[in-house]
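Here is the structure we will look at, set down as structure tokens.
The values are calculated or read from the model by the stated rules, or taken from the named source; none is laboratory data. This structure is a prediction, so every number in the text was calculated from the model and none was measured. In this analysis, Cβ positions are derived from the backbone assuming ideal geometry, glycine residues included, and neighbour counts consider all displayed protein chains. Accessible surface areas use protein heavy atoms only, side chains included; no ligands, DNA or RNA. Shrake-Rupley method; radii C 1.70, N 1.55, O 1.52, S 1.80 Å.
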Amino acid sequence: MAIEESELVIPELETEENLIATARYVAKALGSNKNLTSDAKKILADLGFQMFSINVSNEKEEGKEGQAGEEEDQEAAAKEEDVVNAIEDPLGDIEKTVRRWEEDQSMIWDLGPKETCEYLNAANNARQFIEKLESFHLNNEDKVYLSRAYTLLQKAMARLEEEFRNLLFQNRQPFEPEYVSSRSSQEDVVDENSIFSLGDETIDESLQEDSVSGAAEEHIIDLVHPDVILDLRCIANLLFASNYVQECSHAYTIVRRHALDECLFNLEMERLSIEDVFTMEWGTLSSKVKRWVWAMKLFVRVYLASERSLSERIFGEGEPVSIVCFVDVSKASILQLLNFGEAMSVGPHKPDKLFLFLEMYEVLANLMPDIDALYSDEVGSSVKIECHEVLKRLGKCARATFLEFGNDIASNASSTAFVGGGIHPLTEYVMNYLRNLTNYSEKLNLLLKDQEEEDMISPSPDMSPGTEVNSKSPGSPGTVSKMARHIRSFASNLESNLEGKSKLYNETPLKHFFLMNNLQYLAEKVMGSELRCIFGDEWIQKCNWKFQQQARHYNRASWSPILNLLKDEGVHVPSASSISKSLLKERLKSFYIAFENIYTIQTAWLIPDAQLCDDLRIFISLQQLEPPRYNEQSVVRNISTMPAPKKLIHPSSRIPLPPSRAMPPPPKFTEDKI
């Protein structure tokens, strides 16, 4: 029986009127239930939209026919009422939820998952409601529903944007690595043997070599608490689906840009103009460069890598909006750091700045693969281009300063002789400078690669072409690099300059004494550093030979005249075979006076090297104790009958050289040294 009844009902439902009547019945049955689930409400809304669509079609057909009966008018009114109810009910639920949180200023995501899910569903329903209404051809009267829906969606999106911004801001995790707190104590640490030193490196050594695409993943940190990433992604997806991409991106950019400003503040990277850098004192400038080198590695390989990761986790990896947001967030900060590098490249190429240029060039060159990977897309091309431009400027300044250094050495003039004949400050400065340059051999050779000047530099006078290329002595390189040829030329300029400075001395012995001191210092510096690989053992041997030659000249000029007074020529009596006592007495008196004069003068001279001082003391002692070239017995016999001078002391008791002196600490190198 049931089967027969069902068979009778089915044909009746196939007519349009019965179909509408059935839908009306179902809609009323659902509408009378006050505890509808979300699925039931969705079904009710779908039925309402279907009925609304049929109603709109019927009205159009009726308008074309231009006639309608009274019965049909009643049915149309009933259908319109049903459609209004079907639309009004879900729209009212959405409005109720949106209005509630419009009055309540509490953050929805602070109250728990139930409230957040309810609001997200209401906002999503408003979006879907609008999409369905827009699929129909609405008359002016029906468009009021669309307007209401748009108003509700706009309010819901504004609230979600606010919630998104608040979640992002309140759950940010400040970038304060443990080594930032110890930076102040390390800032002024300088290697006593170098002109420029970064001190103890606080960044993990692996950070200096990793790249973004490789092992640098271990440096990715959570800039926002991981627990809210899913919520942020849900809000972003809903905002994007509702065509609020720009609003969401703007909210994200503002919050994260502020976080990057805090990061630079924690790293103590302040904004500096070109004028600020140009007028900065040397000590402050050196400290700023050390800070910049340290901060750049940390900022690019840790912070920017983590910032890009955060953008991808919220907006989707590889999504255009993710890339755009990352570039918009980071562009101002990375350009602020690059502006310091650009400011450094402006101004005169003073020698001390070379090491600052090289440090900045080296760190930026090492970071370029990371920067290229972070800004690989077209939207980030401007950042990448600016980084390459700053790197190019720093390299150009470093190269120009290096090449100018040789001219600075040659043109360093003095109007007065260096007091004491010790190691000249220029010698100390240049040799320490050259020694530190060996730490940048790779970068310098790269920078000098395209320079035509390198082929025009004449080899050092101390190195023949054959020796330059094919030196086989221990410590000599098989081939000479571009940097090595320049360094040898610098040393040659230094020797020529020292030769000129020695001519400022009025005393001939002091001239040779000065050159002896400085040549010995040159050889010691080369033998005790990486410079030995550049100069080679043959250069050291020739330098030592020059030193010995100056030592002989010094001895001849200082002691030959006084020792000649002890010879027996001219003291014999012509008519007898004996020595004239008066002549001998006068000769000895002259010897004592000459010795006292040398002692008074040369004890004011300086020998910083203790070993050299001892060796020279022994050498002079042996010169004085040599047997004189006359009859010893006759001189002793004649001297024994003469009264001893009251104010004269035997010369062997005092040697006219200063006591051994420990080498003083190297002077602080300032810009006015050259």
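Here are the numbers for the structure shown:
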{"quantity": "Options 314, 371; residue that is within 18 Å of residue 297 (Cα to Cα), β-branched (Val, Ile, Thr) and in contact with a helix residue (DSSP H, G or I) (Cβ under 8 Å, 6 or more places away or on another chain)", "calculated": "371"}
{"quantity": "Checking residue 360 against (1) touching a residue at least 40 places away in the same chain (Cβ under 8 Å); (2) surrounded by fewer than 20 Cβ atoms within 10 Å (Cβ to Cβ); (3) not in a loop (DSSP other than H, G, I, E, B), the condition it does not meet", "calculated": "(2)"}
{"quantity": "Odd one out for residue 352, checked against (1) farther than 30 Å from residue 323 by Cα; (2) modelled with pLDDT of 90 or more", "calculated": "(2)"}
{"quantity": "Residue match in region 587-609 (condition: in the same structural domain as residue 516 (by the TED database), open to solvent by 40 Å² or more (accessible area, probe 1.4 Å), at pLDDT below 80 and in a helix (DSSP H, G or I))", "calculated": "yes"}
{"quantity": "Boolean, residue 143 is surrounded by fewer than 17 Cβ atoms within 10 Å (Cβ to Cβ), farther than 17 Å from residue 242 by Cβ, assigned by the TED database to the domain that holds residue 229 and modelled with pLDDT of 85 or more", "calculated": "no"}
{"quantity": "Check on residue 378, free of Cβ contacts under 8 Å to residues at least 12 places away in the same chain and either in the same structural domain as residue 609 (by the TED database) or buried (at least 20 other Cβ atoms within 10 Å of the Cβ) (or both)", "calculated": "no"}
{"quantity": "Number of the condition not met by residue 432 [criteria: (1) in the same structural domain as residue 509 (by the TED database); (2) surrounded by fewer than 20 Cβ atoms within 10 Å (Cβ to Cβ); (3) farther than 30 Å from residue 511 by Cβ]", "calculated": "(3)"}
{"quantity": "Answer residue from region 229-240, given it is open to solvent by 50 Å² or more (accessible area, probe 1.4 Å) and in contact with a helix residue (DSSP H, G or I) (Cβ under 8 Å, 6 or more places away or on another chain) and is nearest to residue 315 (Cα to Cα) among those", "calculated": "233"}
{"quantity": "Residue match in region 187-202 (condition: in contact with a helix residue (DSSP H, G or I) (Cβ under 9 Å, 6 or more places away or on another chain), in a helix (DSSP H, G or I), within 28 Å of residue 284 (Cβ to Cβ) and modelled with pLDDT under 75)", "calculated": "yes"}
